Amino acid sequence: MAIMHPTQIPETYHAYSEVKFFNACKEQLSDKYHVFYSVRWYSTNNGVREDSECDFLIFHPDYGFLCVEVKGGTGIRVEDGLWFLVDHDGERKLKRSPYEQAEQSMRFFKKYYEEEVEAQFPGVYGCAVAFPNYSINAPITVGSPLETTIDLLGMGNLQKRIIEIFRFFKAQRRGSSSFLSPDAQKKFISVINKRIALSISAGALIQDKERELIEINRIQDTVIDLLAHYPRAFIVGGAGTGKTWIGIKKVIRCVQSGGKALYLCYNKALADHVSAIISNNNADCYNIDSYAYLLLGNKVATAPEKNGCKEYSELFCSLTNLPRYDLVIVDEAQDFTEDWAFCSNLMVKDNGSLYVLYDESQNIFKRDFGDKFFIDTPPFVLRYNIRNTANIYRYAQEQTNLGLDTIANQIEGVEPDSRKFTRKEQAIAFIDSVINKLVHREGVKPQKIVILSNRKKENSILSETNLVGGLKLSDEYIFTDNSIAYRTIQSFKGLESDIVIYINHTYKNAPKTESVRATLYTAHTRARFYLYVLNFEESERTC
């Protein structure tokens, strides 16, 4: 069975001919094959970007790759150089020859590979057109040879037909290798996955992502329905398992049914993010310190401290008008102290609900809420990561040995790009080149990129840098079209970005303590589709 990217496509949302070809590849091709479905790419025509798509890209390590364009209907015809697809409902004109389209995709991916790895593609490259529903007994035009055509008969033994097409192009391209080294194989698969990830970040595949969200919503709604029978509960899950979204949906449901809801967390940026989502639902949303200031005003200054954290419970208990809620959500609860947990309970009405969402693997502050949430029942456990691609999440697990109970996403994605630097100038130049390429060549919007660091900007290698890739480097909390966000891991907890560039300031022979591992795990799992890791090693600890 072939290795499919993605592993499946729902018949409801895709053309019958493409689903038929997808299933034939999956069932008939051996596990040597990697088959990529719907890979977006672009070309530039007179300075204008034009987006295109390769229906199927088929990779075989003993040969190379084929780009296959699939056409359905009940027939195909050409008149005066124009192509028409015939169907039961009539016919429609195609924009261009499917053979030309397949060839353009082939040339793009060969060039793209060579630019990415800075080496010539060593294998066979070719293109074909598939008509899964009917037979083609003679060439349609001069430019559509039967050697590169897959028809209904060829679909019956697809693996044999694919090998024939590979051999046809190998004979055409004398000098092409019939074997790709393991390194070349890995690089090619990584390059194609990168193309897919960048396509998503650049705005392609929006409909597919919306359909994916519909499925995620369905699963989360089931969890929320189950929670209705448990007024107080812990919800535990690794990074990217959807804890925050479950909390948001519970808040919205509560308010829409006439209740009063409070969302609490520790991170102000996360509170602001959630507040923007639920702003039309008349719910309260705060980080714990801001909420304390709202209730106590200047009395906050008199609150005692323990381990660097203010303790508010005594002051809260002294209030005669302490607000109480039908629902209190505590998100990222691993950041809470025992005192804050006790305060959260004070806000819950006698018949109200309290849900506490947390991930001990992200406890970068090393706090402990103890038993002050007063919840005795076992937690609900979320197992499936729905944020990160599989390669990103597996990388986070391998680097930290954390989050091992969480099951990775089925979308493979790209291997994280991890590099080591000892010279600040080289690291900055690399960041500059990455931003330049992503924004100005790939069309990724700056808001979809975040530079994360385990240090504040003034203490980082970017302390004196104001521009990256020609864009302003901003450590403010507002994302704009003309700036790249710089965030510390602490300020970005609970949030995510399509592309993360993580600067890990470290020093020679630095131990991987529990706190360091938690910080790395949190940083790596902020990235949805692409992760760059820059390990900047200093000779000795300076900060």
Check your understanding: Restricted to region 459-469, and to residues that are of a type in the set (Gly, Ala, Ser) and surrounded by 12 or more Cβ atoms within 10 Å (Cβ to Cβ), which residue is nearest to Ile489 (Cα to Cα)?
Key -> Ser460
**Study point:** Any chance Glu69 is under 31 Å from the mean Cα position of the chain (by Cα), surrounded by fewer than 13 Cβ atoms within 10 Å (Cβ to Cβ) and modelled with pLDDT of 90 or more
**Key:** no
Check your understanding: So, in region 351-390, of the ones that are under 27 Å from Lys310 (Cβ atoms) and of a type in the set (Asp, Glu), which residue ends up surrounded by the fewest Cβ atoms within 10 Å (Cβ to Cβ)?
Key -> Asp371
Review point. Can you tell me how many residues in region 501-543 are assigned to a loop (DSSP other than H, G, I, E, B) and crowded, with 19+ Cβ neighbours inside 10 Å?
Key: 2
Check your understanding: Does Leu473 fit the bill of being touching a Leu at 6+ places or on another chain (Cβ under 8 Å) and open to solvent by 10 Å² or more (accessible area, probe 1.4 Å)?
Key -> yes
Review point. In this structure, is Arg487 of a type in the set (Lys, Arg), out of contact with any Asp or Glu (no Cβ under 6 Å at 6 or more places or on another chain) and either modelled with pLDDT of 90 or more or crowded, with 16+ Cβ neighbours inside 10 Å (or both)?
Key: yes
Practice item. Can you work out which of the residues in region 400-456 that are assigned to a strand (DSSP E or B) and of a type in the set (Gly, Ala, Ser) is least open to solvent (accessible area, probe 1.4 Å)? Key: Ser453
Practice item. Just give me the residues in region 478-523 being farther than 14 Å from Ile435 by Cα and of a type in the set (Asp, Glu), in sequence order. Key: Glu496, Glu514
Revision key, fill the gap. Just one listed residue, out of Glu311, Glu332, is buried (at least 18 other Cβ atoms within 10 Å of the Cβ), among the charged types (D, E, K, R) and free of Cβ contacts under 8 Å to residues at least 60 places away in the same chain, and it is Glu311
Point to revise | Flag for Glu442 being of a type in the set (Asp, Glu) and over 22 Å from the mean Cα position of the chain (by Cα) | key: no
Review point. Which of (1) open to solvent by 60 Å² or more (accessible area, probe 1.4 Å); (2) assigned to a loop (DSSP other than H, G, I, E, B); (3) free of Cβ contacts under 8 Å to residues at least 40 places away in the same chain is the odd one out, the single condition Leu322 does not satisfy?
Key: (1)
Exercise for review: Just need a number here: residues in region 457-467 that are of a type in the set (A, V, I, L, M, F, W, C) and either touching a residue at least 40 places away in the same chain (Cβ under 8 Å) or assigned to a helix (DSSP H, G or I) (or both).
Suggested key: 2
Review point. Could you list, in sequence order, the residues of region 280-301 that are of a type in the set (Gly, Ala, Ser) and more than 11 Å from Asn267 (Cα to Cα)?
Key: Ala283, Ala292, Gly297, Ala301
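The values are calculated or read from the model by the stated rules, or taken from the named source; none is laboratory data. Note that the coordinates shown come from a computational prediction; the quantities given were computed from them, not determined experimentally. Reconstructed Cβ throughout: ideal geometry from the backbone, glycine too, with neighbour counts over all protein chains shown. Ligands, DNA and RNA are stripped out before the accessible areas are found, and what is left, the full protein with its side chains, is counted by its heavy atoms. Shrake-Rupley method; radii C 1.70, N 1.55, O 1.52, S 1.80 Å.
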